[in-house]
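Colleague: Pasting a structure here, questions to come.
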Amino acid sequence: MAKKSYAFYPGCSSQLKASASNYLVSVNSMCRILDVQLTQIPDWNCCGASIAYAEGGELPRHAINARNFALAEKHLPGQDIVATCAACWLGARESKERLDVSSALMRETNEALAAGGLHYKAEVNIRHMVEVLIEDFGYEELKKPVVKPLENMKFAGYVGCQTNRPFGIDGESFENPKYLDKMVETLGGEPIGQYDQKVTCCGGALAFSEPEKSQKQIREIVESAYDHGADMIVTPCPLCQANVEIYQSEINKKQGTKFSMPVLYYSQLMTVAYGGSAKDAGLDGHVIPPRKLIDAASKK
Amino acid sequence: MMSEMKTAAYLCSGCGLGDKLDMASLSKVAQKAGKMAIVREHPFLCSEEGVKLIHDEIEKESVTHAVIAACSRRSKTEAFSFPETALSRVNLREGVIWVVAEGHEEIRQEMAEDYVRMGCAEVKKMKLPRGNPESGKEKNILVVGGGLSGLTSALEAAETGYKVVLVEKETRLGGWASKIWKRVPFSSPYNDPQNTGILELISKVSAHKNIEIHVNSAILETSGAPGKFVVRIGKAEGTETEVKIGAIIQATGFSSYDISKLPELGGGLPHVVDQAGLEQLAIKAEGKPIAREDGKPIRSVAFVQCAGQRDESHLPYCSGHCCATSIKQAMYFKDAHPEVDTVIIYTDLRTPGMGEDFYRSAQEKGVIFTKGKVSSVENAGEGCRLKFRDLILDEESTIEADLVVLATGQVPNSGVNIELPEERNQVSVLNLSYRQGKDMPQLKYGFMDSHFICFPYETRRTGIYAAGPVRRPMDMLQATEDATGAALKAIQAVENASLGRAAHPRSGDLSFPTVRLEGCTQCKRCTVECPFGAIDEDEKRFPLFNESRCRRCGTCMGACPVRVISFENYSIDTVGSQIKAVDMPDEFSEKPRILILACENDAYPALDMAGMKNRCYSAFARIIPVRCLGSVNTIWITDALNSGYDGVMMMGCKHGDNYQCHFVKGSELANYRMGKMDDTLKQLGLETERVTTVEVAITDHEKVAAFINDYAETIRIIGMSPMKGFG
Amino acid sequence: MSYRNDFLKEVEENVEEGEWVKMCMQCGVCAGSCPFGPHWEHSPQKIFMMIRAGERIQVLSSDSMWMCTSCYNCIVRCPRKLPITHIMHGLANYAHRLGLAPKGQPTRVFAKTFWDNLVKTGRVNELKLTLSHYFRDGFIQGIRNALAMKDIGLGMMKARRINPMELFGGHGLQDLEGFHAIVAKAREIEDRKKGLKNG
């Protein structure tokens, strides 16, 4: 396999000791095995996520994303920007697409960037890690390094919102995207069919500001996974992962449920299937430990 | 004239027929029971060689009547075309081997043998049709109405080479199209109102060498039939012209619903207009900002959709064009002056066709659309105050506007309602001298009845075609297409008439009805029931057939209680002899016989398609195609029951308001007649289930087998007919 | 007077993607697709109709825009392809900047906290963000909020996904000065365009 290089945009939540730090650990392990070189965009900043609009407005939001683009163009020319966080990918891609079609917005954005000594040439390409895996590798290639197929494990492929809408992955349907299920199959696991909460919103950033309403969403997402016999939920989005995992105890407390459904990243599944240890896969970073997967990782 | 009858039967053993059927035994049946002079078997009858065999024998042996026992009469029509020979097709493939389930070899063979007997019996009762001897050769086309539809029909027919007589009641040609500023676009991009093009059309028509124009004129009388209409045209000044005409197109359009009947919506107020009124203001403005009649520039305008439409106390229907028309009119304002506030208040916005793009374009121009129900329009200050229930925001709302436009509907100019001719204020358009009435039949809401589901230009008066909004509400693009279609139908009609052939849907059929007047009791059922007004009465009150108006459906034949009406190749006997030809097993055989009379337009093709898809049905069925259920004479049914059939099923088209009958009223009449069948059955001491009718559309190929099987089950439950052996 | 176009024009000029509002065809698919549908006062469909009807104050003080979870369901399902999510964000931003958005609306407060947190160091510090959110209503309520969620916090800490040391530093940009200059300039241009005072 030829070495592939990307300009990496990990995003705030994947930083060390942040909520998705274990995501980064597993992504690094996965990329090592797939011979992918990720170089962080030097001095990258936050994308604004899905909540920056209220105070940040329009142009400041595009400007901070364009700052990352300009840095990537300058330091990592020719490399696609790859984000692991769904919100980072969405926010960055949204800004890029808006700038691509509006010369006025582009002019104003560069006027702002100039204040920080930067210039955006509109040469970047923004991609999500899942896109890289599916488009640049493909399921067949991803299957090759599998040494520990995820046998006897059932996964609810929780796609959620932001890798799915509005852009989507690999042209899949917004209502029933299949890529996570296909990835699970590729790794030898069993995706649950008919997961009816596959693309339900977990509440996103509103899990903070509207906890009751969001937890109602989360309850349905977890309950449906249980109903269909899943052992674990797998997701491509750090906010989905965090919301769906950590609020289960709150829901249990308030509503008397007994949820204890582990929520994993696809990259953790891949790391384990590729023979990585529980630590390589960041499996120690969970509030609800994924016992089955930990056992599989420790098996010789 | 036809010489002595010489019969021949040709049996095909191809397509698996030879594998599944005992061909030798079938040949024997044709020879013995069928009494065919010549019987031939061929492994591939529709091949060049097989067809040549038949041709040669027709030549050498002077075969006059032939039976082809092979596939359905709907298959291989080109190969098996022998125009000088009376022909019966026996359907062994789609009708037997493809529909009888495996494991029923014995009853399958019986079914095939019965069909061979039936074909032989039928053909001997057939005569070769010779065409209508009373055909009219006139090919001029009369167009009544000089609006967009009439002008289009006239020009299309004239350009095709036919002489056209165009009659318009007003002093100028153009109709509504000449009274509007612009029209909605007909082609991409659907963004802006377009010039109507009506002046160009008028000048083309006026200059055309094939078109004779009569303005300020009306039709005083229309008599005759396709190919030989005689029409008297009267000018307002009193002069009269008589013209000979082959076919007629009625394109008399619509009137706008009277706005003064809508006082609650402001009808009658000075600053409330209908769509036609707004067009007048727009014509005056010539593309500049539109002003009111009192000269005040309009800065705000509200359009009220469905004004007196889809409303049982006014017009119960939707006129189809008005949403797009209001959108266009709102654009008049926005295009001339984007600051004008334009609101369109609708309950359901309906923009068929590419109207959705036009709607979108209006939104882009800033026209505001709101879903609401208007309760009142009153004078207020310099303009109007309009109150409405905002159905999205669920609140009462008020709009003040300089002008209110009411989208009122289209009322057809269809002349006299022949079912209520005594109603007042009706002015006839065609003044037909038909016994059925002065104008065309209407279906609903006063619109002229055309065969709106399957054949939109066909009316119930042969050779007279409806085009444009007189037929159903429509816009200019639809009227243009309609008018073109009607012109082509009129051309077909004059050509068929001149050759003595039937018009649609049996286009090209040379058979025509003949009546044995000496047996006629003058009961008038044929004259009343003919869906096409083809039968008048002579001075002695006998039926007088206008063959050229006849569509050859046979409804008259079905109606006739003394059975004196027949066609050369389709008669009481051609069907009756088939019914009697079936070999009837006895009461204890457990082999019932079910007669199925299937309409050849929809039910029979559906049965064929069931065969193609191998949908199996009971091998106790014996199916006879009929031209229309209207042609079914009750004698066939009583004969069948008397001769021991256990059940009779009729398969025909849907009737009622949304009828699909190709002959409009045929299946309805059959249904009416069969309603009286129960008494007959009781008299015979038979269960009412022994006669049944089902509606079958051509698309019902998945259902027909189930219809038959369910009926066979019903018969099994009620048991065998006690009538066997008495027939 | 209703159905004058003044407010629609204001929205078209000042709200992100506001020029799309007039293109709504009122089908209601957005309303049926929103995960927080049971909670808001007005559906996007109604908001767009209210804009067209000129109901300025009702629109700008509505809490509906603040219920957007950015799930983008409405965008992908809108048959007219309106960027509904962005319009709702744009309306929220506009109402917020005009000071007309509902006071104390939790998402409004959280969004402001988030942006301030972001601008400070160029990256979001999750712990500081969480704490400022819990302490938004004062110290006592903050302690209560934090205690209510302490199990989650402890669990996250055990999983090494929250680190108390972050409070004393954490991640940040090297070129913070340049970043601040960019944000300030962008804000200045936008406010000038929309006639908002810089604040």
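The values are calculated or read from the model by the stated rules, or taken from the named source; none is laboratory data. Model, not experiment: these values are computed from the prediction. Backbone-built Cβ (ideal geometry, glycine too); neighbour counts: all protein chains shown.
Colleague: Quick check on this structure: which one of B:535, B:565 is modelled with pLDDT of 95 or more, surrounded by 24 or more Cβ atoms within 10 Å (Cβ to Cβ), in contact with a Cys (Cβ under 6 Å, 6 or more places away or on another chain) and not assigned by TED's automatic domain parsing to the domain that holds residue B:77?
Modeller: Numbers: B:535 fails: modelled with pLDDT of 95 or more.
Unique residue meeting the criteria: B:565.
Colleague: Those residues that are within 17 Å of residue B:605 (Cβ to Cβ), in a loop (DSSP other than H, G, I, E, B) and of a type outside the set (A, V, I, L, M, F, W, C), I need them from region B:642-656; list them, please.
Modeller: Hit for region B:642-656 is B:654, nothing else.
Colleague: For residue B:77, state whether it is of a type in the set (Ser, Thr, Tyr) and crowded, with 20+ Cβ neighbours inside 10 Å.
Modeller: no
Colleague: Restricting attention to region A:182-203, does a residue exist that is on the phi > 0 side of the Ramachandran plot and under 14 Å from the mean Cα position of the chain (by Cα)?
Modeller: no
Colleague: So which of A:55, A:73 is more than 13 Å from chain C (Cβ to nearest Cβ), more than 20 Å from the chain's Cα centre (by Cα) and either surrounded by fewer than 24 Cβ atoms within 10 Å (Cβ to Cβ) or at pLDDT 95 or above (or both)?
Modeller: Answer to the selection: A:73.
Colleague: Surrounded by fewer than 19 Cβ atoms within 10 Å (Cβ to Cβ), free of Cβ contacts under 8 Å to residues at least 40 places away in the same chain, part of a strand (DSSP E or B) and touching a strand residue (DSSP E or B) at 6+ places or on another chain (Cβ under 6 Å) - does that describe any residue in region B:386-395?
Modeller: Yes, because at least one residue in region B:386-395 is surrounded by fewer than 19 Cβ atoms within 10 Å (Cβ to Cβ), free of Cβ contacts under 8 Å to residues at least 40 places away in the same chain, part of a strand (DSSP E or B) and touching a strand residue (DSSP E or B) at 6+ places or on another chain (Cβ under 6 Å).
Colleague: Name, by its number, the condition in (1) assigned by TED's automatic domain parsing to the domain that holds residue A:197; (2) within 24 Å of residue C:115 (Cβ to Cβ); (3) surrounded by fewer than 20 Cβ atoms within 10 Å (Cβ to Cβ) that does not hold for residue A:102.
Modeller: Answer for residue A:102: the failing condition is (1).
Colleague: Quick one: how many residues across region B:327-373 are part of a loop (DSSP other than H, G, I, E, B), more than 12 Å from residue B:184 (Cα to Cα) and of a type in the set (A, V, I, L, M)?
Modeller: 3
Colleague: Taking the criterion of being closer than 15 Å to residue C:91 by Cβ and either assigned to a helix (DSSP H, G or I) or among the charged types (D, E, K, R) (or both), would at least one residue in region C:23-31 satisfy it?
Modeller: Yes: one or more hits.
Colleague: Quick check on region C:103-126: of everything there that is surrounded by fewer than 18 Cβ atoms within 10 Å (Cβ to Cβ) and not acidic (Asp, Glu), which residue is farthest from residue A:19 (Cα to Cα)?
Modeller: Only one residue tops the list, namely C:103.
Colleague: Of B:213, B:202, which residue is part of a strand (DSSP E or B) and either surrounded by 15 or more Cβ atoms within 10 Å (Cβ to Cβ) or not hydrophobic (A, V, I, L, M, F, W, C) (or both)?
Modeller: Unique residue meeting the criteria: B:213.
Colleague: How do the strands (runs of 3 or more DSSP E) wholly within region B:400-499 filter down when requiring 2 or more residues that are β-branched (Val, Ile, Thr) and surrounded by 20 or more Cβ atoms within 10 Å (Cβ to Cβ): which remain?
Modeller: The qualifying strands (runs of 3 or more DSSP E) are B:403-406.
Colleague: Now for a different question. Which pairs have Cβ atoms under 9 Å, sit 6 or more apart or on different chains, and link a residue in region B:5-34 that is in contact (Cβ under 8 Å) with a residue 40 or more places away in the chain and closer than 15 Å to residue B:54 by Cβ to one that is assigned to a loop (DSSP other than H, G, I, E, B) and basic (Lys, Arg)?
Modeller: If the second residue must be assigned to a loop (DSSP other than H, G, I, E, B) and basic (Lys, Arg), the pairs left are B:7/B:35.
Colleague: Same structure, new question: Among the residues of region A:251-268, write down those that are crowded, with 18+ Cβ neighbours inside 10 Å, in contact with a helix residue (DSSP H, G or I) (Cβ under 7 Å, 6 or more places away or on another chain) and over 15 Å from residue A:197 (Cβ atoms).
Modeller: Passing the criteria: A:264, A:265, A:266, A:267, A:268.
Colleague: Is region A:168-177 home to any residue that is within 11 Å of chain C (Cβ to nearest Cβ), in a helix (DSSP H, G or I) and surrounded by fewer than 17 Cβ atoms within 10 Å (Cβ to Cβ)?
Modeller: no
Colleague: Go through region B:329-381 and give me each residue that's among the basic types (Lys, Arg) and more than 13 Å from chain C (Cβ to nearest Cβ). Explain how you work it out, then say what you get.
Modeller: Keep residues of region B:329-381 that are among the basic types (Lys, Arg), which gives B:334, B:350, B:360, B:365, B:371, B:373.
Matches in region B:329-381: B:373 only.
Colleague: Okay, next question. When you check residue C:69 against the structure, is it touching a helix residue (DSSP H, G or I) at 6+ places or on another chain (Cβ under 8 Å) and at the interface with chain A (Cβ under 8 Å from one of its Cβ atoms), yes or no?
Modeller: In short, yes.
Colleague: Given the conditions (1) in a loop (DSSP other than H, G, I, E, B); (2) touching a residue at least 40 places away in the same chain (Cβ under 8 Å); (3) not charged (D, E, K, R), report the number of the one that residue A:117 does not fulfil.
Modeller: (2)
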